[in-house]
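Below: the structure, in structure tokens.
Readers should treat all values here as calculations from the given coordinates under stated rules, not as data from a laboratory. What you see is a predicted model, and the numbers here were worked out from it, not measured in a lab. Don't worry about glycine lacking a Cβ; one is built from the backbone with ideal geometry, like all the others, and counts go over all protein chains shown.
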Amino acid sequence: MDRIPILKMGRFLLVTIQVDMHDRLALTLQDDLTERIVKDGTRGVLIDISSLEIVDSFIGRVLGNIAAMSRVLDAKTVVTGMQPAVAITLVELGLTLPGVRTALNVERGMELLQGELDQEGLATVETDADPQG
Amino acid sequence: MLIRKADARPLRNEDDVVFSRQAVRSWAVEIALSLVDQTKLVTAASELARNTVVYGGGGTLTLEQVEDGARRGLRLVFEDQGPGIPDIERALQDGFTSGGGLGLGLGGAKRLVNEFHIDSRPGEGTRITVVKWK
């Protein structure tokens, strides 16, 4: 069965979508990612869509679902590399991907995820250091 | 309107939706639509092809390269013999869905093309025609 590979990098999961996805493949990715988030104790998911030539309402919904499910499982999602023509089309289609964080490229996406994780770490340390709360 | 070239292909399952996206892309490239217009047309085709498969129970996509005076364009006709759309006005509204989607399919597709026409009879089927001009 076709699957989109999920790579583990530290506490993050990386996915790059390189093929024109049929609907079933997108749903399989959604299921696989949710499972891996729990299994690997993932804190962040990065999905690179720079090779995707279109994002229609179905793929948009899947991206939104992945972001929502990972949020419930205490992980952040960032979608990177959207092509300008895809962005223009998405907005005209009426799809603004609410709840999905985006970054221009993989590098910035990783910085975003790492930054959030560092901030959380900082907040925990501060709470520990100050017993008065 | 002059039809310079035409081709019909089946829309039976979600693999056909992928193939039809690829066909529309290559026909759009052939008449040198801009990248943004290619993307809009392929996205609209994806929405409509999925509707034909999911709601229409399958059907056909006809691609036509058309010419009207000096301008060239692509006309896509999505046809099925499914249950039809009882209330077209309502089906075109954003947020309306009878399936599991976001309800952006029909109304969204309409915004992405230059011409959009629905012909649907309950119990007989649906034919949706769209045109994107260069």
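General observations
- Oblate is the label for segment A:1-53. Its Cα gyration tensor axes, ordered a ≥ b ≥ c, give a/c of at least 1.5 and b/c at or above a/b.
- For the protein assembly as shown, a/c is not less than 1.5, where a ≥ b ≥ c are the root eigenvalues of the C-alpha gyration tensor, and a/b tops b/c. That puts it in the prolate class.
- As a rough footprinting exposure proxy, the listed residues B:K5, A:K39, B:K40 were ranked by other beta carbons within 10 Å of their own, and the order from fewest upward is A:K39, B:K5, B:K40.
- Counting DSSP beta bridges with both ends in the protein assembly as shown, the antiparallel % (nearest 5): 75
- Cross-link partners of B:K40 among lysines, defined as those whose alpha carbon lies under 22 angstrom from its own and excluding same-chain residues fewer than eight positions apart: B:K5, B:K110, B:K132, B:K134.
- Under 29 Å of direct C-alpha separation, and excluding same-chain neighbours fewer than eight residues apart, A:K39 reaches these lysines: A:K8, A:K76.
- Kyte-Doolittle at least -0.5, axis length at least 30 Å by Cα - qualifying DSSP helices, chain A: A:106-129
- Relative contact order of segment B:2-133, defined on C-alpha pairs under 8 angstrom at six or more residues apart (%): 26
- Report summary: the helix-based calculation at 222 nm, which adds -39500 (n - 2.57) for every DSSP H run with n ≥ 4 and divides by the residues of the protein assembly as shown, gives -14000 deg cm²/dmol.
- Scattering curve values for chain A, log₁₀ I(q)/I(0), Debye with Cα scatterers, q = 0.09, 0.11, 0.15, 0.22 Å⁻¹: -0.28, -0.40, -0.70, -1.40
- Max mean-square fluctuation residue, GNM over chain A, Cα-Cα springs under 10 Å, options A:R101, A:R71, A:R24: A:R24
- Given charges at Cβ of Lys, Arg, Asp, Glu: the protein assembly as shown dipole, positive-most of A:V62, A:S51, A:V38: A:S51
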